[in-house]
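Trainee: Handing you this structure, nothing more for now.
The values are calculated or read from the model by the stated rules, or taken from the named source; none is laboratory data. Remember, it's a predicted structure, so these values are computed and weren't measured experimentally. Neighbour counts run over all protein chains shown; Cβ positions are idealised from the backbone, glycine included. What goes into the accessible areas is simple: the full protein's heavy atoms, side chains included, and nothing from ligands, DNA or RNA. Shrake-Rupley method; radii C 1.70, N 1.55, O 1.52, S 1.80 Å.
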Amino acid sequence: MRVLLTGGAGYIGSHTALCLLQAGHDVIVLDNLDNSSPESLRRVQELTGKQAPLIVGDCTDEKTVTRVFEQYPIDAVIHFAGLKAVGESVAKPLKYYQNNLDATMVLCKVMPKYNCNVLVFSSSATVYGTNQEMPLREDFPTGCTNPYGWTKWISERILTDVAAADPTRSFILLRYFNPIGAHESGRIGEDPAGIPNNLMPFICQVASGKLDHLRVFGDDYPTRDGTGERDYIHVMDLAEGHLAALEYAIKRSGVEIFNLGTGTPYSVLDIVHTFEQANDLKIPYEITPRRPGDIAVCYADATRAKELLHWEAKRDLNAMCRDAWNWQKQNPRGYNG
Ligand code: NAD
Ligand code: WQD
């Protein structure tokens, strides 16, 4: 298959590009490099011995997307391109709605002109909003708490309506939980700009001495140790989930939703202690008040993906912590080092 990865130079996209190339597929990347570097794809080539051509361009621009489809016959699209910083989305909602929704709509418009019907979409566990019942199942009610989340929710809606109107379409909505870690080589990984918002990149920068300590946001949640619990998933497991989703999508039509998580929640302190043990170092931390907008617990019921996609996460928390640090240690300044 020849697969177009929008946003394929980014964190999850580059790991998925590697998996697809290793499975024998051809990969084309369309990315505006807003939050990524072409170096990620250069390293994917180094690891696989295969090239994924990069088209630097914007997915919200219909002419650009059309040009890609004119240039290459494309069998399926994995749509990673999107802005993802929750805090920034609250400050700049229009930027998020415009970028994330226009990109989804432009793809929906251009793809059928080239008989391309298969699309796998990067959605998020954030669409479950403040649901209290755990584990989260795909048929649970949805709703969001910030503009970023709503862009995922509305994209899911758009894709569902477009597929309902055209029975040839096959769309898969993947709700990712908390991806962390890196390829085991340490050559590709997560390279956030500025001070990281997310837990694992923050811990990695504390470990490297770039930041002096971790702030643990709240120890008064109704959880085992009082700190927030999440469903962390190794980015390589997540990448393999996309391969399984593509194989499923090409054989059918309609819309399907899958959680991609492990089904096991870990607390902030579980992550800190596992990271310390796996890598034989200390992570200084202090307990601070809760971060506004955070929920206590969030984890997946991962049975649907197991039953229908024949996929489940294989890598444990130890591997996630080891691989995250291996990447950080080898690339203290990310791809620009
Ligand atoms: P990322 O920022 O590393 O990758 C996204 C890529 O999309 C970047 O390379 C960026 O340059 C590109 N991009 C953004 N807007 C674009 C546009 N208009 N045209 C072309 N390229 C554009 O993020 P990621 O962590 O790899 O996430 C990939 C997708 O998964 C995103 O849609 C994100 O919202 C979603 N997601 C991520 C997480 C997470 O925790 N990382 C969780 C759930 C969902
Ligand atoms: C994890 C846990 C924090 C940083 C976010 C988005 C979500 C999705 C994934 C895209 C929480 C705690 C964190 C720190 C801390 N992205 N924490 N100190 O908030 O679960 O999800 O990324 O779709 O939409 O909201 O991930 O890594 O920020 O936090 O104590 O410095 O770590 O309170 O319990 P989150 P996270």
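Trainee: Against the conditions (1) closer than 19 Å to Leu83 by Cβ; (2) open to solvent by less than 30 Å² (accessible area, probe 1.4 Å); (3) within 12 Å of ligand 1 (Cβ to nearest atom); (4) assigned to a helix (DSSP H, G or I), where does Leu173 fall short? Just the number, please.
Mentor: Unmet for Leu173, out of (1) closer than 19 Å to Leu83 by Cβ; (2) open to solvent by less than 30 Å² (accessible area, probe 1.4 Å); (3) within 12 Å of ligand 1 (Cβ to nearest atom); (4) assigned to a helix (DSSP H, G or I): (4).
Results for (1) free of Cβ contacts under 8 Å to residues at least 24 places away in the same chain; (2) open to solvent by less than 30 Å² (accessible area, probe 1.4 Å); (3) under 24 Å from Ile12 (Cβ atoms); (4) not aromatic (Phe, Trp, Tyr), shown as yes or no for each residue.
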{"site": "Arg215", "(1), (2), (3), (4)": "no, no, no, yes"}
{"site": "Thr223", "(1), (2), (3), (4)": "no, yes, no, yes"}
{"site": "Val235", "(1), (2), (3), (4)": "no, yes, yes, yes"}
{"site": "Glu240", "(1), (2), (3), (4)": "no, no, yes, yes"}
{"site": "Ala244", "(1), (2), (3), (4)": "no, yes, yes, yes"}
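Trainee: Here are some residues: Pro192, Pro167. Which one is within 12 Å of ligand 1 (Cβ to nearest atom) and surrounded by fewer than 23 Cβ atoms within 10 Å (Cβ to Cβ)? If you could, list the steps in order and put the result at the bottom.
Mentor: On the way: Pro167 fails: within 12 Å of ligand 1 (Cβ to nearest atom).
Exactly one residue qualifies, and that residue is Pro192.
Trainee: I would also like to ask the following. Would you list the strands (runs of 3 or more DSSP E) that sit entirely within region 21-100 and hold 3 or more residues that are open to solvent by 20 Å² or more (accessible area, probe 1.4 Å) and small (Gly, Ala, Ser)?
Mentor: none
Trainee: Looking at Leu83, Leu101 in this structure, which one is within 16 Å of ligand 2 (Cβ to nearest atom), closer than 15 Å to Ser122 by Cα, hydrophobic (A, V, I, L, M, F, W, C) and touching a residue at least 60 places away in the same chain (Cβ under 8 Å)?
Mentor: It is Leu83.
Trainee: Looking at the structure I just gave you, is Thr303 open to solvent by 70 Å² or more (accessible area, probe 1.4 Å), among the hydroxyl-bearing types (Ser, Thr, Tyr), out of contact with any Pro (no Cβ under 8 Å at 6 or more places or on another chain) and modelled with pLDDT of 95 or more? Can you show your working first?
Mentor: Working: open to solvent by 70 Å² or more (accessible area, probe 1.4 Å): yes; among the hydroxyl-bearing types (Ser, Thr, Tyr): yes; out of contact with any Pro (no Cβ under 8 Å at 6 or more places or on another chain): yes; modelled with pLDDT of 95 or more: yes.
In short, yes.
This table checks each residue for (1) within 12 Å of ligand 1 (Cβ to nearest atom); (2) closer than 30 Å to Trp325 by Cα; (3) in contact with a Cys (Cβ under 6 Å, 6 or more places away or on another chain).
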{"site": "Cys108", "(1), (2), (3)": "no, no, no"}
{"site": "Tyr114", "(1), (2), (3)": "no, no, no"}
{"site": "Ser124", "(1), (2), (3)": "yes, yes, no"}
{"site": "Glu133", "(1), (2), (3)": "no, no, no"}
{"site": "Asp139", "(1), (2), (3)": "no, no, no"}
{"site": "Ile154", "(1), (2), (3)": "no, no, no"}
{"site": "Arg157", "(1), (2), (3)": "no, no, no"}
{"site": "Asn178", "(1), (2), (3)": "yes, yes, no"}
{"site": "Gly186", "(1), (2), (3)": "no, yes, no"}
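Trainee: Here's a follow-up. Can you name the residue in region 248-284 that is open to solvent by 20 Å² or more (accessible area, probe 1.4 Å) and in contact with a His (Cβ under 9 Å, 6 or more places away or on another chain) and is also farthest from Tyr128 (Cα to Cα) among such residues?
Mentor: Of everything passing the filter in region 248-284, Pro284 is farthest from Tyr128 (Cα to Cα).
Trainee: All but one of (1) surrounded by fewer than 20 Cβ atoms within 10 Å (Cβ to Cβ); (2) within 16 Å of ligand 2 (Cβ to nearest atom); (3) not in a loop (DSSP other than H, G, I, E, B) hold for Thr130; which doesn't?
Mentor: For Thr130, the exception is condition (3).
Trainee: Exactly one of these conditions fails for Leu211: (1) within 10 Å of ligand 2 (Cβ to nearest atom); (2) in a loop (DSSP other than H, G, I, E, B); (3) closer than 24 Å to Asp191 by Cα; (4) open to solvent by 40 Å² or more (accessible area, probe 1.4 Å). Give me its number.
Mentor: The single condition Leu211 does not satisfy is (4).
Trainee: Residues being touching a residue at least 24 places away in the same chain (Cβ under 8 Å) and farther than 16 Å from Val120 by Cα: count how many of those fall in region 11-25.
Mentor: 5
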